[in-house]
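Colleague: Questions regarding the structure given below will be posed in turn.
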Amino acid sequence: MSHTVKPHLDSHMLPVFARADVAFERGEGPWLIATNGDRYLDFTSGVAVNALGHAHPHLVAALQEQTAKLWHVSNLFTIPEGERLATRLCDESFADVAFFCNSGAEAMEAAIKMARKFQAVNGHPERYRLITFEGAFHGRTLATLAAGGQQKYLEGFGPRVDGFDQVPLGDLEAVKKAIGPHTAGILIEPWQGEGGVRAADPSFFRALRQLCDDNKLVLVFDEVQTGMGRIGTLFAYEKTGVTPDIMALAKALGGGFPMGACLATVAAAAGMTPGTHGSTFGGNLLAAAAGNATLDVMLKPGFFEHVQKMSLLLKQKLASVVDRYPNVVNEVRGDGLLIGVKAVVPAGDVISALRDEKLLTVAAGDNVVRFLPPLIVGETEIEDAVTRLERACARLARTSAQSEAV
Ligand SMILES: *Cc1c(COP(=O)(O)O)cnc(C)c1O
């Protein structure tokens, strides 16, 4: 396995990402400024991470202040800013306790472990399996990949972690059939983000809650993408009409600073005693400062009204583009500012045509283009983005008409 002559490589980064050939050096709210000076309208928000846009003055100030004081002490010690963030997240949600980590996959690992441990400490160590849904995405660790169940991501990585039973999204009968003596709980995203901006009806969520209550199962929500305002409320579960027992958060939690959290009721977290779980970096002082600063902004009166207003505007405008270019795009889905446009042509063609128009968007499953503007986006920028989309669609419609004529 060793070699004496090193190969010449254009990049020394492990090539697991198909990166676009553009780099940015600065950000201002919803704008990204490339190294060559070009200005891009950023409707990726770093994949639903930069909820407050780039270089938000309140976040910048909070991080600058904390950076000069103390970065990291480890979880050997009390972290007052972390305590404060946990209290605020619990005050704003169903939860009683929060565990901090550094990413979505880690938040999900904590959630999976907690669900299993809950059953174990309640006399049912044999109940370790979680029911999950087709199209789900829960992360890239071995367990979260098994939970997501996407064959293309599991291929070649050895035996799949045991403990997940996948059923079609929205299929209540399949869920009932999947419940057995080894079932610990049900794991679902309120909206599937990576899976193509898809959700089950509120009635499905109510039925899942009932099934969990009747069978003493835990209901786990993966709100890594939907949480922290993306759906127009602080947490998406608020819109489903039910509360989970355990919830994973990450993406927007630190406003761009890497941070994840697993929130739970005290009952669901019963087994998580000292030594049962941990993280070296989780919830360090920089992360806690970023999380508190993000909440400061989101909890200001009117923040979510603004998100909902922008959501309506974006959805209306996108619908009119769909009407005019049915050969390029044919459906608008989503809620809040997690919006998907289903493409007729390959979604990748739409995304690169949009990038040529200096509008950045993200691919999702089911041939969907995701529009994930920062939650602070304004009317002008939404109108600007839709104009760029129209130009891209007009170009793609001409190209596809030409190729059909040939
Ligand atoms: C992004 C995402 C994850 C994984 O988060 P990482 O920070 O990339 O580990 C898990 N679940 C959902 C729903 C996500 O959108």
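Colleague: Starting from 0.36 nm per residue, how many nanometres of slack lie between ARG26 and GLU126 once their C-alpha separation is accounted for?
Modeller: So the extension gain works out to 30.8 nm.
Colleague: Please work out how much length the chain gains when fully extended from PHE157 to GLU379, using 0.36 nm per residue of separation minus the C-alpha to C-alpha distance, in nm with one decimal.
Modeller: Working it through step by step, the gained length comes to 75.4 nm.
Colleague: Of all the stretches in the chain, which is the longest one without any exposed loop site, taking chymotrypsin sites (Phe, Trp or Tyr not before Pro) in a DSSP loop (any state but H, G, I, E, B) with at most 13 other Cβ atoms within 10 Å?
Modeller: Answer - 158-406.
Colleague: Could I ask something else about it? Report the per residue volume, in Å³, of the convex hull enclosing the C-alpha atoms of the range 57-298.
Modeller: Output value, Cα hull per residue: 124 Å³.
Colleague: Show which lysines lie in cross-link reach of LYS317 when reach means a straight Cα distance below 16 angstrom and same-chain residues fewer than eight apart are skipped.
Modeller: Once the sequence-local lysines are set aside, what remains near LYS317 is LYS309, LYS342.
Colleague: Not counting ligands, DNA or RNA, and with a 1.4 Å probe, what is SER93's accessible surface area in Å² rounded to the nearest 10?
Modeller: 20 Å²
Colleague: At 7 Å along Cα-to-Cβ for each site, give me the label-to-label distance between ASP10 and SER320 in nm.
Modeller: Those two pseudo-labels are separated by 4.1 nm.
Colleague: Right, something else. Using alpha-carbon positions, what is the distance between the centroids of the range 279-312 and the range 158-195, in Å?
Modeller: The distance from the Cα centre of the range 279-312 to that of the range 158-195 comes to 30 Å.
Colleague: Follow-up question, since we're still on this one. Could you compute how much accessible surface GLU81 exposes when probed at 1.4 Å, giving the result in Å² to the nearest 10?
Modeller: 50 Å²
Colleague: Further, regarding this structure: Mind giving me the nanometre distance, one decimal, between the label points for ASP366 and LEU76, set 7 Å out from Cα along Cα→Cβ?
Modeller: 4.9 nm
Colleague: Can I ask one more? Dipole magnitude of the chain about its Cα centre, charges +1 at Lys/Arg Cβ and -1 at Asp/Glu Cβ only, in debye to the nearest 20?
Modeller: 340 debye
Colleague: Counting just the Cα atoms, what span does the range 104-170 cover along each of its three principal axes? Round to the nearest Å and put the largest first.
Modeller: 37, 26, 22
Colleague: Ok, one more. My understanding is that a pair violates if its Cα-Cα distance is over 23 Å; which of LYS117/LYS216; LYS177/LYS216; LYS152/LYS358; LYS69/LYS113 do that in this structure?
Modeller: With Cα atoms farther than 23 Å apart: LYS152/LYS358; LYS69/LYS113.
Colleague: List the extent of the Cα atoms of the range 185-294 along each of their three principal axes, largest first, rounded to whole Å.
Modeller: 40, 33, 21
Colleague: Next question, about the same structure. What percentage of the solvent-accessible surface of the range 164-298, computed with a 1.4 Å probe over protein heavy atoms, is contributed by carbon and sulfur atoms?
Modeller: 54 percent
Colleague: Another question about this same structure. Please compute the Kirkwood hydrodynamic radius over the chain, one decimal place, Å, based on all pairs of different Cα atoms.
Modeller: That comes to 22.3 Å for the chain.
The values are calculated or read from the model by the stated rules, or taken from the named source; none is laboratory data. Quantities reported herein were computed from a predicted structural model and do not represent experimental measurements. Cβ atoms come from the backbone with ideal geometry, glycine included; neighbour counts cover every protein chain shown. These area figures cover heavy atoms from the full protein model, side chains too; ligands, DNA and RNA do not enter into them. Shrake-Rupley method; radii C 1.70, N 1.55, O 1.52, S 1.80 Å.
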